[in-house]
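Just so it is clear, none of the values below were taken in a lab; they were calculated from the coordinates. If you're wondering where the values come from, they're calculated on a predicted model, not measured in any experiment. Note: ideal-geometry Cβ built from the backbone for every residue, glycine included; neighbour counts use all protein chains shown.
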Amino acid sequence: MSDSTVLPEAPFRTPLELREAPSGRVVDSAVDPLFVDRWSPRSFLPGPVPRELLATLFEAARWAPSSNNEQPWLYVYATDAWDRARFLEALAPGNRAWAEHAPALVFLFARRTTTDGRPYRTYAFDAGASWMSLALQARLLGLDTHPMGGFDPEKAYAATGVDPARYEAMIAIALGYRGPADALPVPLAGRERPSGRVPQATIAQEGCVAFTRAD
Ligand SMILES: Cc1cc2nc3c(=O)[nH]c(=O)nc-3n(C[C@H](O)[C@H](O)[C@H](O)COP(=O)(O)O)c2cc1C
């Protein structure tokens with residue numbers, strides 16, 4: 001690229017120039033705080049998530065990329081007491097203990113085969129991309145999400161009516177406005193803070209992979 005090349009302006013927001021994000025997380029490079037300040041709380045305010053905001057979240061999820069535009073994701077959500085009670089039944093007890101206070105619960109499923117019935121190698125990857133769009137859109141709306149792999153898939157199929165022959169239960173998601181840490185029981189209140197990450201240099205390397213990750 002020559003020196004005279006004019007780079008397009010960043011279209012949306014300025015990256016975080018400081019080394020510390022508002023959440024207290026320390027970054028290795030400039031990055032938009034949207035990515036750094038998403039973290040998974042366990043304390044949620046009981047107030048409902050407005051319906052139009054739920055629609056905005058699923059709209060963000062809808063526009064995720066997928067292999068051959070297969071769009072394998074299926075979100076089933078619960079906001080009223082009856083649905084939430086059934087969804088909660090499927091969660092592992094350790095998750096149920098705090099997720100019962102979240103005003104919305106979601107199960108994300110992914111279709112195992114392509115629309116014309118062929119094996120679909122990247123369905124889990126594609127569903128993951130969609131979930132992340134939802135999670136970041138939630139942050140942009142002042143909402144928070146907490147993904148959970150700790151649930152009984154059979155109970156998730158039963159609670160949602162989704163066909164296990166076609167879809168795989170990927171994650172449950174607790175969703176709402178973040179609440180205060182001291183609303184949680186003591187052991188959980190102590191864990192209610194953003195986690196760290198391994199250094200950037202251990203997850204991205206230019207050229208030949210001639211390094212070994214500690215893990
Ligand atoms: C696929 C997946 C499964 C997870 N399962 C659980 C879970 O069952 N219970 C829980 O409290 N957190 C769960 N988490 C949350 C992770 O522990 C959390 O995302 C990770 O520690 C990074 O923290 P952060 O999301 O706050 O940045 C899960 C996250 C993912 C992506």
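Remark: C-alpha extents of the stretch 119-215 on the principal axes read 47, 46, 28 Å, sorted largest to smallest.
Using equal-weight Cα scatterers in the Debye expression, the normalised intensity of the chain in log10 at q = 0.12, 0.15, 0.16 Å⁻¹ is -0.76, -1.12, -1.22.
Dipole check for the chain: with +1 at the C-beta of Lys and Arg, -1 at the C-beta of Asp and Glu, and the Cα centre as origin, the magnitude is about 380 Debye.
Note on the chain: dipole from Cβ charges, positive end direction compared against 30, 199, 40; the farthest Cα belongs to 40. Explain nothing, just the number: relative contact order of the chain, from Cα pairs under 8 Å at least 6 residues apart, as a whole percent. Answer for the chain is 27 percent.
Under the convention that each Lys and Arg Cβ holds +1 and each Asp and Glu Cβ holds -1, the size of the dipole of the stretch 81-207 around its Cα centre is about 120 debye.
In terms of other Cβ atoms within 10 Å, 74, 108 run from fewest to most in the order 74, 108.
Highest mean first, the peptides 183-192, 158-167, 36-45 sorted by other C-beta atoms within 10 Å per residue fall in the order 36-45, 158-167, 183-192.
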